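**Q** Sharing a structure, written as structure tokens. Questions coming.
The values are calculated or read from the model by the stated rules, or taken from the named source; none is laboratory data. Just so we're clear, the structure is a prediction, and the values are computed from it rather than from any experiment. FYI the Cβ positions are ideal-geometry reconstructions off the backbone, even for glycines, and counts take in every protein chain you see. The accessibility values were calculated without ligands, DNA or RNA, using every heavy atom of the protein model including side chains. Shrake-Rupley method; radii C 1.70, N 1.55, O 1.52, S 1.80 Å.
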Amino acid sequence: MNPKTTGVNFAVFCSGQGTNLQAMIDAAKKKRISAKLALVVCDNPGAHAIERARRAGIPVAVFDPEDFASKKELEAAVIGELNRGKIRLIALAGYMRILSDDFVRRYKNRILNIHPALLPSFKGGQAIKDAIKYGVKVTGATVHFVSEEVDAGPIVLQAVCPVKNNDSEKTLLARVHKLEHKIYPEAIELFARGKLKAAGRRVIVK
Ligand code: GRF
């Protein structure tokens, strides 16, 4: 084991662009994450995230839902890969599949997700659009543990940014992404160093 790592292997699950994955790759390079990014799991064979992982020399496992008869079978294959990689922590980063309750329970308080809003506001897949439409003056990003209910698990870290009068979805997303790329690696590092303690709905950062 590299003495500079904490011995925690983590996997990133993604489906698309993978800008958060890239932020983790960069943070690891700059030694801001001491955990090892040991695996990328992807459900979309065309995702740009795969290219990013390969360029960084990280093993990629692609599980195309079309190759599996059911979610249960797909998740069993994913679990096999996680076991092989001795993965302690899963970081969802734009993974477009909802994990089964069984899967979530198996990895209780070991799955993180990033959401592009200040939860519990603007849950769901259109958070940026919804924030602009609602007219909020601030929004942000939330890292939370994944629970059976979507976008409702205990909150680990949040960061805030303004919503400007002339914001489009594109400009606001860019601002929110900057926050995400900062707080997601931070949350992973806190987990890896054993500094996150779940106490019911609250996560105490030690
Ligand atoms: C992020 O905005 C995240 O909040 C949401 O999905 C998006 C993924 O983006 N869950 P990327 O693939 O990391 O660029």
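**Q** Only one of (1) within 13 Å of the ligand (Cβ to nearest atom); (2) open to solvent by less than 70 Å² (accessible area, probe 1.4 Å); (3) in contact with a strand residue (DSSP E or B) (Cβ under 8 Å, 6 or more places away or on another chain) is not met by Gly124, so which one is it?
**A** Failed condition: (3).
**Q** So Leu118 ticks every box in (1) open to solvent by 60 Å² or more (accessible area, probe 1.4 Å); (2) farther than 28 Å from Glu51 by Cβ; (3) within 16 Å of the ligand (Cβ to nearest atom) but one. Which box is left unticked?
**A** Evaluating Leu118 over (1) open to solvent by 60 Å² or more (accessible area, probe 1.4 Å); (2) farther than 28 Å from Glu51 by Cβ; (3) within 16 Å of the ligand (Cβ to nearest atom) leaves (1) as the failure.
Conditions (1) in contact with a Phe, Trp or Tyr (Cβ under 9 Å, 6 or more places away or on another chain); (2) open to solvent by 40 Å² or more (accessible area, probe 1.4 Å); (3) within 16 Å of the ligand (Cβ to nearest atom); (4) in contact (Cβ under 8 Å) with a residue 24 or more places away in the chain, marked per residue:
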position: Val41; (1), (2), (3), (4): yes, no, yes, yes
position: Ala53; (1), (2), (3), (4): no, no, yes, yes
position: Ser70; (1), (2), (3), (4): no, yes, no, no
position: Gly80; (1), (2), (3), (4): no, no, no, no
position: Arg84; (1), (2), (3), (4): no, yes, no, no
position: Tyr95; (1), (2), (3), (4): yes, no, yes, yes
position: Leu99; (1), (2), (3), (4): yes, no, yes, yes
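**Q** Evaluate segment 74-90: report whether one residue or more is within 20 Å of Glu149 (Cβ to Cβ) and charged (D, E, K, R).
**A** Looking for residues that are within 20 Å of Glu149 (Cβ to Cβ) and charged (D, E, K, R), one finds at least one in segment 74-90, hence yes.
**Q** Sticking with this structure for a sec: Name the single residue, out of those in segment 131-149 being without any contact (Cβ under 8 Å) to a residue 40 or more places away in the chain and away from the ligand (no atom under 13 Å from the Cβ), that is surrounded by the fewest Cβ atoms within 10 Å (Cβ to Cβ).
**A** Taking the candidates together, the pick is Gly135.
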